[in-house]
Amino acid sequence: MKLPQTEFSFSFWRWLAPGLRVKRYLLVALAGLFLLLLGVVQLSWEGPLVTGFFRLARWAGDWVLRLGLPLWVSGILLLLLGSVLIALGIRWMNRSVISALTDLRDIPERVYQQRRLERGPSIVALGGGTGLSRVLRGLRQETANITAIVAVTDDGGSTGRLRSSFGVPAVGDLVDCLSALSEARDLPELLRYRFERGGELAGHTFGNLMLVSLNELEGSFAEALRQANQILRLRGAVWPATPQPVRLWALREDGVKVEGETAIRERRGRILRVGIEPERVASMPEALEAIRHASLIVLGPGSLYTSVIPSFLPPEIQTALRTSAGKICYIANVMTEVGETDGLSAGDHFRAIQEHLGRVPDLVLAHTAAIEAGLLERYRQEGQVPVELDLEGLEASGVQVIRGDFLEQGSLAQHDPEKLVRALLSLG
């Protein structure tokens with residue numbers, strides 16, 4: 001945004017205000033520049049440079065001659081002294097300004113980390129829910145070239161209420177991913193803060209309200225996300241699968257078409273296909289560009305039909321994924337989900353993705369280690385069981401399968417971000 005002339009002038013003169021500890025160092029640099037010019041004059045005493053402004057410095061040359069020193073000697077000394085003063089003045093000014101913004105002791109480590117992360121691989125991760133945000137938290141430790149493309153079909157809870165009131169795409173999963181990649185101190189925790197007391201704000205998170213507010217201010221959900229990416233200082237970028245409001249539908253095995261993500265989760269029965277309405281929606285150019293230049297594209301983990309697949313249902317996203325030179329890796333879920341993937345094996349998950357995407361993923365990453373018995377029993381009481389690992393058929397078809405222990409220690413059967421990232425980075 002271009003500043004008005006008056007505001008620019010005010011910012012410029014602010015540098016001359018007392019107490020900034022800038023003017024003194026600027027004077028040192030200017031003194032160095034003057035000495036450097038004197039050196040140039042003395043080295044060119046009889047040459048073309050001794051004209052105009054430089055004649056004002058003749059007194060210095062005459063003084064040197066009276067001391068019996070050759071002009072070329074004093075010229076070199078003045079050049080050296082002037083260069084040192086310029087360097088010191090600039091260095092002291094930089095330290096003065098930077099010290100007001102951050103702890104100088106942190107700078108070397110932060111610069112090193114930033115440069116290391118900038119050299120990391122270009123990775124695009126698609127999905128939604130907690131699965132995608134957990135993958136992002138792991139990836140951000142190894143690369144700054146991360147792009148998250150998030151499904152925006154959720155219609156429950158705070159997100160559903162905001163969708164009805166403001167006509168925006170689902171914001172909840174976007175906020176989780178923004179929080180996962182944000183480098184702004186304390187802001188990730190603030191984004192996740194949920195209003196618990198009664199009233200109209202009860203159940204809403206600060207992050208959800210922030211995105212809706214940005215949408216109102218900018219008049220565009222796409223521009224709202226661009227602003228959020230800047231404000232939150234992301235290590236990478238987060239974009240919606242589409243900046244337009246869409247509704248998810250599912251065709252079940254009994255021929256019934258169920259509309260709305262919440263309704264799809266609540267109804268039992270095998271899902272044959274899912275789609276979005278309207279079907280022809282645009283995607284953000286930044287998301288498409290990231291897919292085209294990605295070396296690795298990650299799908300999942302997450303709810304198969306309500307998070308992972310919806311993230312690539314917009315036509316432009318599908319086309320970009322089909323034509324991308326990057327490898328596509330599907331992270332298989334550990335447990336089935338009630339009402340959505342009951343009885344589906346890892347191969348069934350894989351084939352559902354292939355059918356909806358129109359491209360065969362290159363790799364499958366699957367947790368194959370044993371799961372603690374108490375944890376299994378807890379899930380079994382809720383109707384969930386481990387996803388059957390029929391991986392041999394996938395390997396026979398030419399798909400590379402990465403097996404290993406990718407489970408996080410704790411009370412939930414969910415992937416460990418660090419283990420996932422180590423495995424993903426080993427692929428390329």
Work out how much length Arg233 to Val385 would gain on full extension: take 0.36 nm times their residue separation and subtract the Cα-Cα distance, in nm to one decimal.
50.8 nm
Those residues of segment 120-136 whose amide nitrogen sits under 19 Å from the label point placed on Arg422, 7 Å along Cα→Cβ:
121, 134-136
Long-range amide H partners of Ile402 with built H, under 5 Å
Val364, Leu365, Ala366
Glu183 accessible area, 1.4 Å probe, all protein chains in place, Å² to nearest 10:
60 Å²
Descending packing, highest mean Cβ count within 10 Å first, for 218-224, 206-212, 415-421, 238-244 is 238-244, 206-212, 415-421, 218-224
Once you place label points 7 Å from the Cα toward the Cβ at Arg267 and His293, how far apart are they in nm?
4.2 nm
Roughly what would the spin-label model give for Leu375 and Val256, points 7 Å off Cα along C-beta, in nm?
3.4 nm
Debye, to nearest 20: dipole size of segment 328-428, +1 on Lys, Arg Cβ, -1 on Asp, Glu Cβ
260 debye
How would you rank 259-265, 377-383, 276-282, 129-135, highest first, on the average number of other Cβ atoms within 10 Å across their residues?
129-135, 259-265, 276-282, 377-383
Karplus-derived HN-Hα couplings along segment 168-174 (A = 6.51, B = -1.76, C = 1.60, θ = phi - 60°), whole Hz, x at Gly and Pro:
9, x, 5, 9, x, 5, 4
Accessible carbon and sulfur surface of segment 192-267 relative to its total accessible area, %, 1.4 Å
48 percent
Which ³J(HN,Hα) values in Hz, rounded to whole numbers, follow from the phi angles of segment 204-216 under the Karplus curve 6.51 cos²θ - 1.76 cosθ + 1.60, where θ = phi - 60° and Gly and Pro get x?
7, 9, 4, x, 4, 5, 4, 5, 5, 5, 4, 4, 5
Count neighbours as other Cβ atoms within 10 Å of each site's Cβ, and list the trypsin sites (Lys or Arg not before Pro) in segment 151-186 that are DSSP loop with at most 13 such neighbours.
Arg185
Which value, in Å² and to the nearest 10, is the accessible area of Ser397 when all protein chains are kept and the probe is 1.4 Å?
80 Å²
In Å², nearest 10: area of Val256 left accessible to a 1.4 Å probe:
50 Å²
Accessible surface, segment 225-286, averaged per residue in Å² (probe 1.4 Å):
51 Å²
Sorted by mean Cβ packing within 10 Å, highest first, what order do the peptides 330-340, 144-154 take?
144-154, 330-340
Name all residues of segment 226-251 having a backbone nitrogen under 14 Å from the label point set 7 Å from the Cα of Glu286 along its Cα→Cβ direction, giving them as ranges.
226-243
Tail fraction, Cα-Cα pairs, segment 163-233, threshold 15 Å, whole percent:
51 percent
Largest first, what is the accessible-area ranking of Leu424, Leu36 with a 1.4 Å probe?
Leu36, Leu424
Computed lengthening from Ser411 to Glu355, 0.36 nm per intervening residue step minus Cα-Cα distance:
16.8 nm
Within segment 288-386, the percent of DSSP beta bridges that are antiparallel, given to the nearest 5, stands at 10 percent
Fraction of accessible area attributable to carbon and sulfur, segment 346-395 (%, probe 1.4 Å)
48 percent
Computed from the beta carbon distance with a Förster radius of 41 Å, FRET efficiency for Leu80 and Glu183 to the nearest 0.05 stands at 0.45
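The values are calculated or read from the model by the stated rules, or taken from the named source; none is laboratory data. Bear in mind that the values here come from a model prediction, so they are computed numbers and not experimental data. Every residue, glycine as well, gets a Cβ built from its backbone with ideal geometry; the counts of neighbours run over all protein chains shown. Accessible surface is based on the protein model in full, side chains and every heavy atom, while ligands, DNA and RNA are left aside. Shrake-Rupley method; radii C 1.70, N 1.55, O 1.52, S 1.80 Å.
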